[in-house]
Amino acid sequence: MSAQQPEDDVYTHGHHESVVRAHAARTAENSAAFVLPHLTPGAGVLDVGCGPGTITCDFAALVAPGKVTGLDRSPDIIAQAKALAMEREVPNVEFVAGNIYDLDFEDETFDVVHAHQVLQHLTDPVEALREMRRVAKPGGIVAVRDADFHGMSWYPAIPELDEWMELYQHIARRNGAEPDAGRRLVSWAQAAGFTDVAPSSSNWLYATSQQRRWQARVWGERVLHSAFAEQALEYGFANPADLARISAGWHRWGSTDDGWFLIPNGEVIARA
């Protein structure tokens, strides 16, 4: 186990309300479909980096009476996830604050260990996968899904979105993270000691009027107000005028009638 603490890793997105609101739109169906065939009644599940808990609560409904544990490093986010579980009246889920590099669970505890959009933010994703493997039962699975930023594509061509991508890459890499994580998941799983690795991929697509407005609103706000904006300024990668221009570009894209934004995600089911 690594002695590294989670605070050593800088979360590029942060927990601004605009970020959490976007994460709360994620469901097991739209963000973890590749895991669903492996969720059976009675299974024990650990959801690492659970965020506001929407996927976690979905998992709990699918494995009941099995128990699902959601873990996140942010106590504030854990409080929001607990509130969601109470609101949904999900009795078989618990949420705890913790460190992905040093999970506070015995060896071979869970049937499924899941992490969604987590590895891309870590300075040592291989060590995290080793720790996830440690707490998975023999024959259980470790399931991870991460976006691949350089694999994203959009239409029409808007220079400010090119600027956004370049800025995101600079910030994430300055944080020691890997924004093009999706394409690396198989390699990372193999480096963590997995020999049975099943890869897949799936997309998020924003191409209807409602989807475009939603995506543009999310990133238009995050570019100005989230940890992304704070880090862009702190690291000297952008100034306020740059961020305002990029945000306006997002909104201009969102107002198009034929806009398209595709986010590819790498997925891996690795057997412990």
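The values are calculated or read from the model by the stated rules, or taken from the named source; none is laboratory data. Worth saying up front: this structure is predicted, and the values here are computed from it rather than measured. In this analysis, Cβ positions are derived from the backbone assuming ideal geometry, glycine residues included, and neighbour counts consider all displayed protein chains. Note: accessible area is taken over every heavy atom of the protein model, side chains too, but ligands, DNA and RNA are not part of it. Shrake-Rupley method; radii C 1.70, N 1.55, O 1.52, S 1.80 Å.
Values for this structure:
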| read-out | value |
| --- | --- |
| Per-residue ³J(HN,Hα) for region 253-260, Karplus 6.51 cos²θ - 1.76 cosθ + 1.60, θ = phi - 60°, Hz, x for Gly and Pro | 4, x, 8, 6, 8, 10, x, 9 |
| Lys/Arg +1, Asp/Glu -1 at C-beta; the chain dipole; positive extreme among HIS121, GLY182, GLY254 | GLY254 |
| For region 171-182, 3J(HN,Hα) per residue [Karplus equation, 6.51 cos²θ - 1.76 cosθ + 1.60, θ = phi - 60°, Hz, x = Gly/Pro] | 5, 4, 6, 4, 7, x, 9, 10, x, 9, 5, x |
| Hydrodynamic radius by Kirkwood, which averages 1/r over all alpha carbon pairs of region 21-86, in angstrom | 11.8 Å |
| Accessible surface of region 132-242 [probe 1.4 Å, protein heavy atoms]: carbon and sulfur percent | 49 percent |
| As computed over region 81-197, the Cα convex hull volume per residue (Å³) | 148 Å³ |
| Note, ³J(HN,Hα) from phi for region 267-272, Karplus 6.51, -1.76, 1.60, rounded to Hz, x at Gly and Pro | 9, 9, 10, 10, 8, 6 |
| Net charge of neighbours whose Cβ lies under 11 Å from the Cβ of ALA32, counting Lys and Arg as +1 and Asp and Glu as -1 | -2 |
| Amide proton proximity set for VAL118, modelled H, under 5 Å, gap of 5+ | ARG145 |
| Radius of gyration and Dmax over the Cα atoms of region 153-240, both given in Å | 16.3, 47 |
| Most positive-pole-ward Cα, ALA64, PRO138, GLY51, against dipole of the chain from beta carbon charges | ALA64 |
| Accessible solvent surface per residue of the chain, calculated while the other protein chains remain in place, 1.4 angstrom probe, Å² | 43 Å² |
| Value of Rg to Rh for the chain (Rh from inverse mean 1/r over Cα pairs, i.e. Kirkwood) | 0.96 |
| 14 Å tail of the calculated P(r), region 49-88, as % of Cα pairs | 39 percent |
| For the chain, share of DSSP beta bridges that run antiparallel, in % to the nearest 5 | 50 percent |
| 222 nm mean residue ellipticity, helices alone, for the chain (DSSP H n ≥ 4; -39,500 (n - 2.57); rounded to 500) | -12000 deg cm²/dmol |
| For PHE110, residues with placed amide H under 5 Å, excluding near neighbours | ALA136, LYS137 |
| Residues with amide H under 5 Å from that of PHE95, placed H, sequence gap 5 or more | GLY70 |
